[in-house]
Amino acid sequence: MANGGVASELDVTIFLASSGVDWVRKGAAKAARLNPLDPPAQEMIQNLIDEGVNIYVCPPCAGVRGYEESDFIDGVTLAGSAAVHNLINQGAATLSF
C-alpha cells in the first residue's frame, strides 16, 4: 500500500506499532517475501526510505521487545503517536490495518 501511494505521488508516512516494528529491524526483512509476485520486503521498505517516506516506530512497542533506535535500519525513527496526530491535525488522511 505504501509503495502504491508513493507511485501515485501521495505524501506517505508510516507509523509501525505492535509486531510491525519487527519488519524494520536490521536484517529482519532480508529474507521475507510476503507475496511471490511482490519484490522482497527488504526491497519494498528500502524503496520507501529512498523515496523519503517517514517511517516511525512506536517507542513502547519497540521498548517491550528490547529494541532501541540503533536496532532499526537507517531511515527509521522512534516517534510517539503525536507525530502522526500532528499530520492528522494538518488534514492528512489515514489508513490503518
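The values are calculated or read from the model by the stated rules, or taken from the named source; none is laboratory data. Being a predicted model, the structure only gives us computed values, none of them experimental. Here the Cβ is made from the backbone with ideal geometry for all residues, glycine too, and neighbour counts use every protein chain on show.
Pairs, please: C-beta under 8 Å, at least 6 apart or cross-chain, first residue touching a residue at least 24 places away in the same chain (Cβ under 8 Å) and closer than 20 Å to I49 by Cα and in segment 73-97, second loosely packed, with under 12 Cβ neighbours inside 10 Å and not charged (D, E, K, R)? Between residues of segment 73-97 that are touching a residue at least 24 places away in the same chain (Cβ under 8 Å) and closer than 20 Å to I49 by Cα and residues that are loosely packed, with under 12 Cβ neighbours inside 10 Å and not charged (D, E, K, R), the close pairs are V84/T94; L95/M1.
Give the residue that is surrounded by the most Cβ atoms within 10 Å (Cβ to Cβ), with candidates limited to residues of segment 48-61 that are assigned to a helix (DSSP H, G or I) and of a type in the set (A, V, I, L, M, F, W, C).
Step one: filter segment 48-61 for residues assigned to a helix (DSSP H, G or I), giving 48-50, 59-61.
Going one step further and asking which of them are of a type in the set (A, V, I, L, M, F, W, C), we end up with 48-49, 61.
On the way: L48: 20, I49: 15, C61: 17.
My answer is L48.
Yes/no matrix, rows are residues, columns are (1) small (G, A, S); (2) outside any loop (DSSP other than H, G, I, E, B); (3) more than 13 Å from the chain's Cα centre (by Cα):
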residue: I14; (1), (2), (3): no, yes, no
residue: A29; (1), (2), (3): yes, no, no
residue: Q46; (1), (2), (3): no, yes, no
residue: G63; (1), (2), (3): yes, yes, yes
residue: Y67; (1), (2), (3): no, no, yes
residue: T77; (1), (2), (3): no, yes, no
residue: A82; (1), (2), (3): yes, yes, yes
residue: L87; (1), (2), (3): no, yes, yes
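One residue alone among L78, L37, L10 is of a type in the set (A, V, I, L, M) and in contact with a Cys (Cβ under 9 Å, 6 or more places away or on another chain), and that residue is L78. Taken together, the residues in segment 19-47 that are surrounded by fewer than 16 Cβ atoms within 10 Å (Cβ to Cβ), polar (S, T, N, Q) and either over 16 Å from D71 (Cβ atoms) or modelled with pLDDT of 95 or more (or both) amount to 2. Within segment 66-76, the set of residues being over 15 Å from I14 (Cβ atoms) and surrounded by 15 or more Cβ atoms within 10 Å (Cβ to Cβ) comprises Y67, D71.
Reported count of residues in segment 1-37, each being of a type in the set (D, E) and within 16 Å of A92 (Cα to Cα), is 2.
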